[in-house]
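Okay, structure first, notes after.
The values are calculated or read from the model by the stated rules, or taken from the named source; none is laboratory data. In this text the structure is predicted, and so the values were computed from the model without any measurement. FYI the Cβ positions are ideal-geometry reconstructions off the backbone, even for glycines, and counts take in every protein chain you see. With ligands, DNA and RNA removed, areas are computed over all heavy atoms of the protein, side chains included. Shrake-Rupley method; radii C 1.70, N 1.55, O 1.52, S 1.80 Å.
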Amino acid sequence: MNPNLSLHCGQRSLDGADLQAQADRAAAGFQSLGLKPGDTVAVMLRNDLPYLELMLALGRLGVHLVAVNWHFQPEEAAYVFKDSGARALVIHADLWPRLAAAVPAGLPVLIVPTPQDVLDAYGLEAPAMPEGAQDWSGWRDGFAPCASEPVPSVGSMLYTSGTTGRPKAVMRLPGTPAQHAGSKRVRSLASQAREGMRTAVVGPLYHAGPNAAARVALDMAERIVVLPRFDAEQLLKTIEAHRITHLSLVPVMLVRLLKLPAEVRARYDVSS
């Protein structure tokens, strides 16, 4: 991680040292639940800073982060929770009421309060924390930072779209140091990712592309801006305000940018 890393989401900011410290506390919390390398934790969050905490926390334990699509209906989510063998679930507060019935009995659940910038992006009212719920930050901060040596990360366990049946989990095995170094070289060649870049997480983190881009950013960037959802003009504002140098976008996002009126596009400095 870049020692000068700064992270931004809405009006919230965090530096890389604080993110790492929070991730190390979360890792200790997951160890207290008995998680070991090869286990799985389901993550059902909108784009938010705790998602990046979880990438670091679970990565150092060799635990698979199961990225669950928060659009899923309860029966779809229930299948992924069971099929993945999830040992815990981390979920945003606004998603919990709709999906509570899909959670296997006895599964530890950690609730992340939905922040105001995410609520505003989706036009949501602030949900009440469920009675007796385990609050993510309160739980995390109850542990001293994890002291065990990190193990090779296995990254995220993503599920295929399931167009010919049930979605299928894609599980990575721990890579060798040479494989990780080779992967980093390929990413740098393919996306021009480089040390000290500035980037924004634009697409939903349950998707493979944004998920992988966020992991590259945690490894190489000096600034990461997490956007709760894609908005074409907001992205232009973000590029100008944070001097973004690298982006990972899909074609429909480019189309929406091009469909903005010319005078709107000309309003922002995107020379970075």
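Quote the relative contact order of the range 134-272 in percent (integer), defining contacts as alpha-carbon pairs under 8 Å separated by 6+ residues.
18
Among all the lysines, which ones have a C-alpha under 29 Å from LYS259's C-alpha, if same-chain residues fewer than 8 places away are not counted?
Straight-line reach from LYS259, under 29 Å: LYS237.
Rounded to a whole number, what is D in µm²/s for the range 1-92 from Stokes-Einstein with the Kirkwood radius over alpha-carbon pairs (37 °C, 0.692 mPa s)?
It diffuses with D of about 236 µm²/s by this estimate.
List residues of the range 11-27, by number, whose backbone nitrogen lies under 18 Å from a label position 7 Å along Cα→C-beta of ALA241.
Answer for the range 11-27: 11-15.
If you take every DSSP beta bridge fully contained in the chain, what fraction is antiparallel? Give it as a percent rounded to 5. Could you put the intermediate results ahead of the total?
Numbers: 6 of 30 bridges.
Looking only at bridges with both residues in the chain, the antiparallel portion is about 20 percent.
For the range 1-97, with all protein chains present and a 1.4 Å probe, just round the carbon and sulfur fraction of the accessible area to a whole percent.
Values: 1590 of 3250 Å².
Roughly 49 percent of what the probe reaches on the range 1-97 is carbon or sulfur.
Taking the Cβ of ARG187 as the centre, find all other residues whose Cβ is under 11 Å away and add up their charges (Lys, Arg: +1; Asp, Glu: -1).
Result for the neighbourhood of ARG187: +3.
How much length is gained on full extension from LYS184 to GLN234, taking 0.36 nm per residue of separation minus their Cα-Cα distance?
In short, 15.0 nm is gained.
Where does the chain land at 222 nm, in deg cm²/dmol rounded to the nearest 500, when only DSSP H runs of n ≥ 4 count, each adding -39500 (n - 2.57), divided by all residues?
It lands at -11500 deg cm²/dmol.
In whole percent, how big is the carbon plus sulfur part of the accessible area of the range 185-272, probe 1.4 Å, protein atoms only?
Taking all protein chains in place, the range 185-272 shows 56 percent carbon and sulfur surface.
Would you mind pulling out the separation of the Cα centroids of the range 25-103 and the range 213-242, in Å?
23
Considering all alpha-carbon pairs of the chain, what whole percent are spaced by more than 28 angstrom?
Summing the P(r) of the chain above 28 Å gives 35 percent of all pairs.
Using per-residue counts of other Cβ atoms within 10 Å, averaged over each peptide, order 121-131, 83-93, 228-238 from highest down.
Those peptides, ordered most packed to least, come out 83-93, 228-238, 121-131.
Counting only C-alpha contacts under 8 Å and six or more residues apart, can you give the relative contact order of the range 1-128 as a whole percent?
Once normalised by length, the contact order is 22 percent.
Below 14 angstrom from the Cβ of ALA221, what's the summed charge of the other residues (Lys, Arg +1; Asp, Glu -1)?
Net of charged neighbours comes to +3.
Nearest 5 is fine: what % of DSSP beta bridges in the range 123-272 come out antiparallel, could you say?
Among the beta bridges of the range 123-272, antiparallel pairing accounts for roughly 25 percent.
Could you identify which residue out of LEU257, LEU218, LEU227 has the top mean-square fluctuation in a GNM of the chain using Cα springs shorter than 10 Å?
Between LEU257, LEU218, LEU227, it is LEU257 that shows the largest mean-square fluctuation.
Which residue fluctuates most in the GNM of the chain (Cα springs below 10 Å): GLY209, GLY132, GLY162?
GLY132
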